[in-house]
Amino acid sequence: MARGGVVRMGAGMGTAVLMLMYASTAVWAANPSAADNSASNGVPASASTSASLTVPNFAALVKRYGQAVVNISVTREVTQMGIQLPPGIAPGNPLAPFLARRVIGNREEVSLGSGFIVSPEGVILTNRHVVGDATTVDVKLTDKRQFKGTVIGSDALSDVAVIRIDARNLPAVVTGNPARTEVGDWVMAIGSPYGFANTVTQGIVSAKSRSLPGESYIPFIQTDVPINPGNSGGPLFDLNGRVIAINSMIYSKTGGYQGLSFAIPIDVALDVKEQLLKTGKVTRGRLGVALQEVSQALARSFGLAQPDGALISMVEAGGPGAQAGLLAGDVVLGVDGDAVADPVDLLGTIAKMKPGQKADLLVWRAGARTHIQVAVGALDSGVASSGNPKGAGAHRLELAAVERTGATAVRRRPWLAGRTGERSGGACRPEAGRYRAVGQWHAGRDDRRADRRDRRGARHGRAARAARRFATVPSHGSGLAGNRHEAQ
């Protein structure tokens, strides 16, 4: 599809599609034994037939629940630097470079995003990067009414923001339980991609509890729902009309939709909302450790049967983990009886705990299991605001910058371990604006061989380093995502 254009289906193509549909129908009708074949292959005939004929009624869902989705228009003040020439001096004048002076000016920039009403009293959820740096926020409902919005607060780690409009008796969404959503389930999104308000798209859940670079605390729901700039902050519905997530990010080489969309589970967003409304800030539990994933090679070297858990690569001096006796090289396998799959799982579990709460950690140390009691520390990450927070979106990615510079390349390559901390057997942390290796943990022989191959391959891979990129999807945002799992 050409950028900025609309592709229309020609008459010939439409005829071909219809012919294909009729042909497939005829084949099905001529082969009534298909159900018997399905049964003989271990698939019940009724299940096979119902699965092929059942189509979700998205129209009914949109009519019933779509009224709670809103369009958000944000005005920002952008600082620009330019060149000014004295009167009478044209740009082509040989003296122009010597007489020109730099000037700084401000201009207004308008961007669009989405949101949805969670309370009839005018409370709206959206993404933090949608309303960041906003000087004014305008909210438009599906019935064409418009209201001025006030940013109540926002949270950097979850990218969730709460805004309020002065209105009552509004249609509100019904929230669901993301834990009950299964991979393969149908889902539907409503938003304002590129300013086209109340656009409906659909797809399926592709994966759950997905970890993304720089987003350690969020177990994203991955879908193939078409999400584009302007969809950010909009709801993701299940087939019961319940909101299960907030559309937030895409994985793209161009800045537009390419089949990989990511949404913030609604339970995470609702927890942020409640804390911002009640206490004016978001508080999470923390261990005070840096974590990395357990690779297969590391699992073998540690004597673990499976590459599960979260490897502690660094312990903050004086932090909650250090006070409890956690050591670099420990592998956390469980918390309060629940298994830990990876660092994101551990961070999310600890983040839900209240500061001071005791956590029973199942730790693998020196080839044996042991239990360590940790008093969880406090991590303050969100702030409330009586107005619109300047700088609230500073950590996010400006979508236009993706297309211009490709500065968000986060392609996973072990030879970039010195900067990204993704090398199995190593860990990194930020220092002086970059990443420095802080440890090597039991890297086996196979791991070292792989590293040598990766270093040789680096010579051939430099040209493709910007090939993959994650991007938030409003019309505007700013910043750059990192690539680490670290409890702050």
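The values are calculated or read from the model by the stated rules, or taken from the named source; none is laboratory data. All figures in this text were calculated on a predicted structure; none of them were measured in a lab. Because the Cβ atoms are built from the backbone with ideal geometry, glycine has one as well, and the counts that use them run over all protein chains shown.
So that you can scan it fast, the table gives a plain yes or no per residue for (1) modelled with pLDDT of 90 or more; (2) closer than 16 Å to LEU157 by Cβ; (3) of a type in the set (A, V, I, L, M):
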| residue | (1), (2), (3) |
| --- | --- |
| VAL243 | yes, no, yes |
| ILE246 | yes, yes, yes |
| MET249 | yes, yes, yes |
| GLY255 | no, no, no |
| SER261 | yes, no, no |
| VAL268 | yes, yes, yes |
| LYS273 | yes, yes, no |
| LYS278 | yes, no, no |
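Residues that are β-branched (Val, Ile, Thr), modelled with pLDDT of 95 or more, outside any strand (DSSP E or B) and surrounded by fewer than 20 Cβ atoms within 10 Å (Cβ to Cβ): does segment 182-190 have at least one?
Step one: filter segment 182-190 for residues β-branched (Val, Ile, Thr), giving 183, 187, 190.
Still in the list and also modelled with pLDDT of 95 or more: 183, 187, 190.
If we keep only those that are outside any strand (DSSP E or B) too, we end up with 183.
Checking which are surrounded by fewer than 20 Cβ atoms within 10 Å (Cβ to Cβ) leaves us with 183.
Scanning segment 182-190, I find at least one residue that is β-branched (Val, Ile, Thr), modelled with pLDDT of 95 or more, outside any strand (DSSP E or B) and surrounded by fewer than 20 Cβ atoms within 10 Å (Cβ to Cβ), so the answer is yes.
Yes/no matrix, rows are residues, columns are (1) in contact with a Cys (Cβ under 8 Å, 6 or more places away or on another chain); (2) farther than 19 Å from SER211 by Cβ; (3) modelled with pLDDT of 95 or more; (4) not in a loop (DSSP other than H, G, I, E, B):
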residue	(1), (2), (3), (4)
LEU291	no, no, no, yes
SER301	no, yes, no, yes
GLN306	no, no, no, no
GLY318	no, yes, no, no
LEU326	no, yes, yes, no
VAL344	no, no, no, yes
GLY348	no, no, no, yes
MET353	no, yes, no, no
GLY356	no, yes, no, no
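If I ask for residues that are hydroxyl-bearing (Ser, Thr, Tyr) and closer than 18 Å to GLY234 by Cβ, which ones from segment 123-174 would you list?
Quick first cut of segment 123-174, residues hydroxyl-bearing (Ser, Thr, Tyr) only: 126, 135-136, 142, 150, 154, 158.
Once the filter is applied, which keeps residues that are hydroxyl-bearing (Ser, Thr, Tyr) and closer than 18 Å to GLY234 by Cβ, segment 123-174 yields THR126, THR142, SER154, SER158.
Quick one: which residue in SER216, SER209 is within 17 Å of ILE266 (Cα to Cα), touching a residue at least 60 places away in the same chain (Cβ under 8 Å) and not in a loop (DSSP other than H, G, I, E, B)?
Numbers: SER216 fails: not in a loop (DSSP other than H, G, I, E, B).
Criteria check complete, one pass: SER209.
Give segment 81-103 a look and list any residue that's among the polar types (S, T, N, Q) and at pLDDT below 85, or say none. Full working, then the answer.
Looking only at segment 81-103, we keep the residues that are among the polar types (S, T, N, Q), and these are 84, 93.
Within segment 81-103, GLN84 is the sole residue that qualifies.
Going by the conditions given, is GLN146 in contact with a Lys or Arg (Cβ under 7 Å, 6 or more places away or on another chain) and surrounded by fewer than 19 Cβ atoms within 10 Å (Cβ to Cβ)? Break it down into steps so the answer makes sense when it comes.
Values: in contact with a Lys or Arg (Cβ under 7 Å, 6 or more places away or on another chain): yes; surrounded by fewer than 19 Cβ atoms within 10 Å (Cβ to Cβ): yes.
Spelling it out, GLN146 is indeed in contact with a Lys or Arg (Cβ under 7 Å, 6 or more places away or on another chain) and surrounded by fewer than 19 Cβ atoms within 10 Å (Cβ to Cβ).
Out of GLY230, GLY255, I need the residue that is over 26 Å from SER119 (Cβ atoms) and either basic (Lys, Arg) or part of a loop (DSSP other than H, G, I, E, B) (or both). Which one? Quick ask: steps written out before the conclusion?
On the way: GLY230 fails: over 26 Å from SER119 (Cβ atoms).
Only one candidate qualifies: GLY255.
Of the residues that make up segment 277-295, is at least one closer than 26 Å to LEU141 by Cβ, crowded, with 19+ Cβ neighbours inside 10 Å and either in contact (Cβ under 8 Å) with a residue 24 or more places away in the chain or not acidic (Asp, Glu) (or both)?
Checked segment 277-295: no residue is closer than 26 Å to LEU141 by Cβ, crowded, with 19+ Cβ neighbours inside 10 Å and either in contact (Cβ under 8 Å) with a residue 24 or more places away in the chain or not acidic (Asp, Glu) (or both).
Just one of VAL55, VAL78, VAL110, VAL118 is of a type in the set (A, V, I, L, M, F, W, C) and at pLDDT 85 or above; which is it?
Working: VAL55 fails: at pLDDT 85 or above; VAL78 fails: at pLDDT 85 or above; VAL110 fails: at pLDDT 85 or above.
None of the other options fit; the residue is VAL118.
If only one of VAL137, VAL103 is assigned by TED's automatic domain parsing to the domain that holds ASP185 and in contact (Cβ under 8 Å) with a residue 24 or more places away in the chain, which one is it?
On the way: VAL103 fails: in contact (Cβ under 8 Å) with a residue 24 or more places away in the chain.
Exactly one of VAL137, VAL103 is assigned by TED's automatic domain parsing to the domain that holds ASP185 and in contact (Cβ under 8 Å) with a residue 24 or more places away in the chain, namely VAL137.
Which condition breaks for SER209 when tested against (1) at pLDDT below 95; (2) polar (S, T, N, Q); (3) surrounded by 18 or more Cβ atoms within 10 Å (Cβ to Cβ)?
Result: SER209 fails condition (3) only.
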